[in-house]
Amino acid sequence: MGDERLHYAPPARPQVRPAFFATLPTRPTRWLRTNLLWQVLRFAVINLKMIRLIALSHHQGRRLRS
Amino acid sequence: MSHARVVVLGAGVAGHTAASFLKKWLGSAAEVTVVSPKPDYNWIPSNIWVGVGLLEPRQVLFPLAPVYARHGIMFRQARALVLHPEGEGAEAQPFVEIESTVPGEEGQRTRLPYDYLVNATGPRLDFEATPGLGPGAHSHSVCTAPHAKAAADTFLDLVERMRRGERKRFVVGTGHGTCTCQGAAFEYVVNLEFELRARGVRDKAEVVYLTNEYEVGDFGMDAVHIRRGGYVTPSKVFTESLFAERGVDWITRAHVQGVEPGRIAFETLDGLEHDIAFDMAMLLPPFKWVGLRAVDRLGQDMTARLFAPSGFMRVDADYSPKSYEAFRAADWPRTYQNPDFPNLFAAGIAFAPPHPISRPRQSPKGTPIAPAPPRTGMPSAMIGKAVAHSIADMLQGSPGPTRTASMAEMGAACVASAGNNPFTGTAASMTVYPIVPDYERYPDYGRDLRHTFGEIGLAGHWIKILLHHLFLHKARLRPFWSLIPE
Ligand SMILES: Cc1cc2nc3c(=O)[nH]c(=O)nc-3n(C[C@H](O)[C@H](O)[C@H](O)COP(=O)(O)OP(=O)(O)OC[C@H]3O[C@@H](n4cnc5c(N)ncnc54)[C@H](O)[C@@H]3O)c2cc1C
């Protein structure tokens, strides 16, 4: 590994971190992510969405000949 | 129907699913034999938690022989070496040559005749593609339970040193420009970061994600778009947000050229060469074919006829070379039947995809830096089940395969753990439909945005725990196993 390589160094200022240009969640968004009541509801919703997707995928897995 | 012989090579998600359904549907009408070099089944997705010391390997592994014995499936602990799809000489009976891996019997070769064969041998972890990569050399992996355990040992040792005040750098990602399975590297980096916080040493650690993706969140699927907050947003935004929130830095478009003790050399898509020092690196290897060969009835090698240049098995896909712009959803296989031998099928990672999903890219030096197409657990299992159905029907008189499971017609549900705790943990839950974008049906993004969604929260973590137990229950073929969806 020659010396002409660029050596990675931790970004010295926040502005040069890739994270500086990322979208960050606000405090209420973060709070909702672990709020038990909201998450119980989301648990049901996500499960339903996944079941719908599984049903759709199985439906697409068509019979070619009967 | 006389006593038919169906041989399944591989006992991973695809092979185990195929064998279980074949036996369930065919009962005593067929002898179903599974060949796999390892005595255990590994629920691979939970290796992530083994890799940060939260689970022991025995919690993600179980021995296959007793499960198969209970269900009347024959098990041969062996490695498949050579397919003889035309038989040998005047004897037209197809067979596969296998080599025992049972301790004390290693290397003993036998011939296993078959009427139908399912190749579900998965990938060979190609650490050799990158000098210094892998558990035998200078980096870690979480692809198998023992690899994940070794990663955990290093991780926990470094945590102890950070408790004594040392600073450490963790680099997690892909160990070659053509790697796939970025979802696993993503899960590992966010779990590792979560555990550093949980163990009170986050301030002593620097965590860097190093990937061959053009943008984070590509996942080998050319990114995913979802509707959220009044916008159609690419997965890059959510992935970057997750990393930024956790203080994880990222380097994209990277091909790892080599790993030395404590140092990774890599080239980026712009042709520049870099290196990064590390205290622990977990870098996934590229996937390669397992080395199965094929021989015709005269003993001549016919590997190139059965297998694509990548080494994975040819099935009913359109393999004609084309440009990215000409990739079509219809190129992807539907029945997984080999075009030359109707009694040969490939399922899961073992089938040759017609082309990548993500846009292929090369550096000015000609180094390919783009993810290979992923074949995750759900499609692998669905393909295994469709193949089993087709074979069962063909044995009962159908002239050809009866079921399809195209990755361009099915969706995938994926839950990526981002921290394992029943109250403070989170996971990114995602559904994508279809897996392979279909720009003819969905011209804007290639996907149906009504069925493509993603969100982060504790609920996803509960689903991940539920899946861990449900899928292990299913894999152990315990009561009502077949009711659990793939
Ligand atoms: C760390 C990690 C985390 C992951 N997490 C997820 C996740 O959360 N969700 C998800 O959907 N997917 C996940 N995946 C991907 C998922 O594990 C794969 O899609 C799936 O295992 C593919 O199934 P398969 O049956 O094709 O291959 P495998 O599961 O690899 O099985 C291959 C089988 O073939 C056997 N074999 C190998 N060589 C031979 C031979 N010569 N002869 C006979 N048998 C042979 C092997 O021993 C094994 O039993 C993850 C992968 C990794 C590495």
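The values are calculated or read from the model by the stated rules, or taken from the named source; none is laboratory data. Every value quoted in this text rests on a predicted model; they were computed, and no experiment measured them. With ideal geometry, Cβ positions are generated from the backbone for all residues, glycine too; neighbour counts draw on all protein chains shown. With ligands, DNA and RNA removed, areas are computed over all heavy atoms of the protein, side chains included. Shrake-Rupley method; radii C 1.70, N 1.55, O 1.52, S 1.80 Å.
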Which residues, taken from region B:432-447, are buried (at least 24 other Cβ atoms within 10 Å of the Cβ) and more than 12 Å from the ligand (Cβ to nearest atom)?
-> B:TYR433, B:PRO434, B:VAL436, B:ARG447
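Quick grid of which residues meet (1) open to solvent by less than 10 Å² (accessible area, probe 1.4 Å); (2) away from chain A (no Cβ under 14 Å); (3) within 16 Å of the ligand (Cβ to nearest atom):
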{"site": "B:PRO321", "(1), (2), (3)": "no, yes, no"}
{"site": "B:GLU325", "(1), (2), (3)": "no, yes, no"}
{"site": "B:ALA329", "(1), (2), (3)": "no, no, no"}
{"site": "B:PRO333", "(1), (2), (3)": "yes, no, yes"}
{"site": "B:TYR336", "(1), (2), (3)": "yes, no, yes"}
{"site": "B:PRO339", "(1), (2), (3)": "no, yes, no"}
{"site": "B:LEU344", "(1), (2), (3)": "yes, yes, yes"}
{"site": "B:PRO353", "(1), (2), (3)": "no, yes, yes"}
{"site": "B:PRO360", "(1), (2), (3)": "no, yes, no"}
Qualifying residues in region A:18-30 (those that are more than 7 Å from chain B (Cβ to nearest Cβ) and under 20 Å from B:MET430 (Cα atoms)) - the one least open to solvent (accessible area, probe 1.4 Å) = A:THR29
Scanning region B:49-75 residue by residue, the ones that are over 18 Å from B:VAL13 (Cβ atoms) and outside any helix (DSSP H, G or I) total 8
How do the strands (runs of 3 or more DSSP E) wholly within region B:229-288 filter down when requiring 3 or more residues that are not hydroxyl-bearing (Ser, Thr, Tyr): which remain?
-> B:248-251, B:254-260, B:263-268, B:273-277, B:280-284
Examine region B:319-329 for a residue that is hydrophobic (A, V, I, L, M, F, W, C) and free of Cβ contacts under 8 Å to residues at least 24 places away in the same chain, and state whether such a residue exists.
-> yes
Counting only residues that are touching a residue at least 12 places away in the same chain (Cβ under 8 Å), out of contact with any Phe, Trp or Tyr (no Cβ under 9 Å at 6 or more places or on another chain) and away from chain A (no Cβ under 14 Å), region B:445-481 contains a total of 1
Scan region B:8-24 and give yes if some residue there is part of a helix (DSSP H, G or I), away from the ligand (no atom under 13 Å from the Cβ) and open to solvent by 10 Å² or more (accessible area, probe 1.4 Å), otherwise no.
-> yes
Would you call B:PRO374 open to solvent by 10 Å² or more (accessible area, probe 1.4 Å) and within 11 Å of chain A (Cβ to nearest Cβ)?
-> no
Is it the case that B:GLU88 is more than 27 Å from the chain's Cα centre (by Cα), more than 14 Å from the ligand (Cβ to nearest atom) and in contact (Cβ under 8 Å) with a residue 60 or more places away in the chain?
-> yes
Filtering region B:110-148 down to residues that are within 14 Å of another protein chain (Cβ to nearest Cβ) and open to solvent by less than 40 Å² (accessible area, probe 1.4 Å), which residue is farthest from the ligand (Cβ to nearest atom)?
-> B:GLY132
Quick one: in region B:25-48, of everything that is hydrophobic (A, V, I, L, M, F, W, C) and part of a strand (DSSP E or B), which residue is nearest to the ligand (Cβ to nearest atom)?
-> B:VAL35
Kindly establish whether B:GLU260 is buried (at least 19 other Cβ atoms within 10 Å of the Cβ) and among the acidic types (Asp, Glu).
-> no
Matching option when the condition is away from the ligand (no atom under 16 Å from the Cβ), more than 14 Å from chain A (Cβ to nearest Cβ) and either among the aromatic types (Phe, Trp, Tyr) or farther than 30 Å from B:ALA346 by Cα (or both), among B:GLY271, B:GLY262, B:GLY200, B:GLY230 | B:GLY200
Please specify each residue of region B:288-316 satisfying the condition of being within 16 Å of the ligand (Cβ to nearest atom), open to solvent by less than 50 Å² (accessible area, probe 1.4 Å) and of a type in the set (A, V, I, L, M, F, W, C).
-> B:LEU292, B:ALA294, B:VAL295, B:LEU306, B:PHE307, B:ALA308, B:PHE312, B:MET313, B:VAL315
Scanning region B:310-351 for residues that are within 16 Å of B:PRO374 (Cβ to Cβ) and of a type in the set (Phe, Trp, Tyr), which turns out farthest from the chain's Cα centre (by Cα)?
-> B:PHE327
Restricting attention to region B:398-436, report how many residues are more than 9 Å from chain A (Cβ to nearest Cβ) and without any contact (Cβ under 8 Å) to a residue 40 or more places away in the chain.
-> 1
Working only within region B:81-106, note down all residues that are part of a loop (DSSP other than H, G, I, E, B), open to solvent by less than 40 Å² (accessible area, probe 1.4 Å) and over 26 Å from B:ALA352 (Cβ atoms).
-> B:GLY89
Residue satisfying condition, being buried (at least 18 other Cβ atoms within 10 Å of the Cβ) and in a loop (DSSP other than H, G, I, E, B), within set B:GLY173, B:GLY177, B:GLY200, B:GLY183 = B:GLY177
Could you tell me whether region B:57-64 includes any residue that is free of Cβ contacts under 8 Å to residues at least 12 places away in the same chain, open to solvent by 40 Å² or more (accessible area, probe 1.4 Å) and either farther than 29 Å from B:HIS461 by Cβ or in contact with a strand residue (DSSP E or B) (Cβ under 6 Å, 6 or more places away or on another chain) (or both)?
-> no
